[in-house]
Amino acid sequence: MTFIENFVPFSIILCMGAGIISSALKGRTSRRFSIIILSVVLILSCFVLGYTVYLGHAFVYVMGKFPAPWGNELRAGCLEGLMAVFFSVIMLLSVVGGIRGQNDDIREDKMNLYFIMIDLMMASLLALVYTNDLFTAYVFVEINTMAACALIMIRDNGHTLVAATKYMIMSLLGSGLLLIGISMLYTITGQLLMPNIHEAVVRLNETGEYAIPLTVVIGLMSVALAIKSALYPFHSWLPEAYGYSTASSSAILSSLVSKGYIFLLIKIFYRVIGMDVMVGHKITNILFVFGIIGMIMGSVTAIRQTDVRHLIAYSSIAQIGYIYMGMGLGSNAGMVAAIFHIMAHGATKSMLFIAQRGLVEVSDGSKDFSDLKGSGFRNHLAGLAFAVGAFSMVGVPLLAGFTSKVYFAEAAITAVRVKMWIAMITLAISTILNAVYFIRAVISVYTPRNMEYKDSSYKPSTNMAFALICFIIFNFFLGILSYPIANTIETGLKVFD
Amino acid sequence: MSKKRRDYKLTFYSRIEDFVNGKEEFLLYRPTGTTEAKKLETLEEELTEAADLLEKREARQKVQDNTEPLDFLKRFHRLYGIIAVLVCATMMGMLMITVSWLPKFGEPGNPANNEVIARYIEKGQEETGAVNVVTGLILNYRGFDTMGETHVLFIAASCVMILLLIAEGEEKKSSYAFDRYLEPKNDIIIQKVAAFLVPVVFVFGIYVILNGHLSPGGGFSGGAILGAGLIMYVSAFGFKKTQRFMNEHVYKIAKVSALCFYVCCLSYYFYMGAHGYDNHIPLGTPGNIISSGLILFINIFVGTEVACTMYAFYALFRKGGL
């Protein structure tokens, strides 16, 4: 066992410890501490990614003296390493980029509580990525839910309280269904470890024993995680939660929390139930249909928004639809596209939320497009980042969003004929709809008006500038150098079984 | 700070904010100082003005709206209720039918009765040193899950703090002063009973924690008992007396050190276990009070954390601070 393998549990435990210590620190100190910890976790995750790519197969880390079916176990392949790196990059940049927003929106004496939530959120995301045990996944889903709720309501006003309540109700419904699913699965297989469940499920599927409970379990788990990641008919909590919380929280919620659940669902697809059984139970078709509806409806609703935050939030619903559409294709290529889109969307959405904050700062604090006009000239970097993000979401070449759309199209061509037509046509319509509202937003940001808001004493925050530049580079990186990443995802999926 | 809409004070959201922050019951506390009284008066005037505005607005709305959309809304709400009940009933029915297809509870041939359970029961005592198999299972075999579960409690307490912690200042003073407003102060019956019961509850809680590896119980249940004892003490004798031994400072130190030690112990255990080294933790003779290695200490840490969390919930809900 090499030394690097220790980094997998160490990064989780480091985040948990940081959360505990943050509760004893003063506000600003806890932020500095958190940022240091997140950077360390990023470096550790990079090592894990490099090691797993070099190794070519996954390794297992036994948590404690007793091996797997008796004790707990973590597992890291190159896909897990990639996701860990991605999550820690976005988390770090979102926290750094929103520092001024945090100072304005969060009460001084609650600042350390905010960073407890950030640290534990990171721990739970890493645990969801690395876990090899379904019950451990549930425990960390719980932590994730509570931390997400707190991230919304840390900004103390009526809107966020209502949003947090809505989020909590929907999210707990999802957790409950997931728990029922896990316990039913345990009853019919007698295992909690992912590969062991997989073995038992394949056996059950062949013999036809417990066929009805197995179908119900698959349905419950998919629906539970779809609710938690805001797939179309379950999206009602999303606009308010993203629209009123502080900028860092919105960025984290949109690009990490929902993505963590989707990644867990992908793990369940491949490592717990098995892709063949999933496709055999037709659950992929259902996810495909709702993904398609979400792609259209999210964009249609986004067109009607006049508030920039709500626009970005509704666009998230459409993008989640893309991811589920890719998963619903039921092929490996579709899954690669979906995972690539998780990264592309995460990188872009968090950038949009942070840039939006920079634009709002120079528009008298208003989020309305009539006030935002001309804000691109008042805060140049935020305007640029907003434009890059918007173009990426529309799918302009060289940017992350374009590449993921290409992968979706490639995956759709190899799919079943009906699915191919539906997916291609919806991709085209959705791209046009995206263009309608994002290009309009960019144009209004760069319409030279509202010059009375120009304040010569305004200085853009350097932290935000740093984060935005990193985001822009990351976006171009995903767009141009997509091949090695897609390759890593593909090998990662291969070693998943 | 983002510019709030001018009529934010009139919205539903503002009322919710006021309610959560306790401003609706502002009238309990009427400062007699001139500036504060004036401030209050102006605030009340503003509020009444706001209420007037709201009324006028509603009246105008009523004139503008026809009655038809309202009827439609009412019908929609009724329909919504019926559909919700139907969906829930279908869901329940579906789950019930599924349960009837699951293996029968308690049969020896069930899939869950496999080699995993067998090892827990047969070798649990030998491998973990704990007579209570359940404690051995959750704190040793599956220690990582339980660490997550403890953090769930920690994060729950922090969430309640985010929601209910009152800022330093006038509001905090008033909230602290009136935390016994609706309760009898120094009630002799409660105090006598508490004086008799609290030590018993504490001793019982400590017993449950320390015997976690020998008999049913452990950190979670024992901590809850300790927390209940603390709450009983507070409700009998008030916060002033309690704060001599349980204030924010003590709370922080106890919680942080318990969790830190917990995480450190488990990290050591994970590291040694994963590499196949001997971890040099003596298991002792099963049945003795000092046995079962780390489990005893972990129970103590978990118990401290749970007791602190229980007390913090009570104090936060009662007066918005520790």
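Where a number appears in this text, it was derived from the coordinates with a stated rule and is not lab data. All figures in this text were calculated on a predicted structure; none of them were measured in a lab. Because the Cβ atoms are built from the backbone with ideal geometry, glycine has one as well, and the counts that use them run over all protein chains shown.
Remark: C-alpha extents of chain B on the principal axes read 79, 56, 45 Å, sorted largest to smallest.
May I ask for the longest run of chain A untouched by trypsin sites (Lys or Arg not before Pro) that are loop-located per DSSP and have at most 14 neighbouring C-beta atoms (other than their own) within 10 Å?
Values: sites that count: A:Lys26, A:Lys282, A:Arg304, A:Arg449, A:Lys454.
Result for the longest clean stretch: A:27-281.
When the pairs A:Lys367/A:Lys405; B:Lys74/B:Lys172; A:Lys267/A:Lys405; A:Lys367/B:Lys252 are compared against a 32 Å limit on Cα-Cα distance, B:Lys74/B:Lys172; A:Lys367/B:Lys252 fall above it. Evaluated with a Cβ-only charge set (Lys, Arg +1; Asp, Glu -1), the stretch B:115-319 carries a dipole of roughly 820 debye about its Cα centre, given to the nearest 20. Per residue of peptide A:145-152, the mean number of Cβ atoms on other chains within 10 Å of the residue Cβ is 3. Normalising the Debye intensity of the stretch A:1-101 to I(0), with uniform scatterers on Cα atoms only, and taking log10 at q = 0.13, 0.14 Å⁻¹ returns -0.53, -0.60. Shape analysis of the stretch A:47-157 based on the Cα gyration tensor places the equivalent ellipsoid semi-axes at 32, 18, 9 Å, largest first.
The spread of Cα positions in the stretch B:120-262, taken along each principal axis and listed from longest to shortest, comes to 59, 35, 21 Å. The simple spin-label model puts a point 7 Å past each Cα toward its Cβ; for A:Ser457 and B:Leu40 those points are separated by 3.7 nm.
The smallest convex shape that holds all Cα atoms of the stretch B:186-244, its convex hull, gives 71 Å³ per residue. Plainly put, the stretch A:354-395 has a radius of gyration that is 0.97 times its Kirkwood radius, both from alpha-carbon atoms, as the Rg/Rh ratio. Positive end of the dipole of the protein assembly as shown (Cβ unit charges, origin at the Cα centre): among B:Phe19, B:Gly320, B:Val250, the Cα lying farthest that way belongs to B:Phe19. The Cα atoms of the stretch A:282-497 define a convex hull whose projected area, averaged across directions, is 11.8 nm².
Shown is the FRET efficiency for A:Asp109 and B:Ala254, computed with R0 = 22 Å from the Cβ-Cβ distance and rounded to the nearest 0.05: 0.65.
Would you kindly work out the equivalent ellipsoid of the stretch A:149-250 from its C-alpha gyration tensor and give its semi-axes, the square roots of five times the eigenvalues, largest first in whole Å? Display every interim value, and only then the final one.
Working: eigenvalues 266, 29, 20 Å².
Over the Cα atoms of the stretch A:149-250, the ellipsoid semi-axes are 36, 12, 10 Å.
Along its three principal directions, the equivalent ellipsoid of the stretch A:90-130 from the Cα gyration tensor extends over semi-axes of 22, 13, 5 Å, largest first. Computed over the protein assembly as shown, the alpha-carbon pair-distance distribution with 20 angstrom bins reads 14, 46, 33, 6, 0, each value a whole percent.
How many percent of the alpha carbon pairs in the stretch A:226-347 exceed a separation of 17 Å?
That tail contains 53 percent of the Cα-Cα pairs.
Taking other Cβ atoms within 10 Å as a rough exposure proxy, A:Val416, A:Val442 sort from fewest to most as A:Val416, A:Val442.
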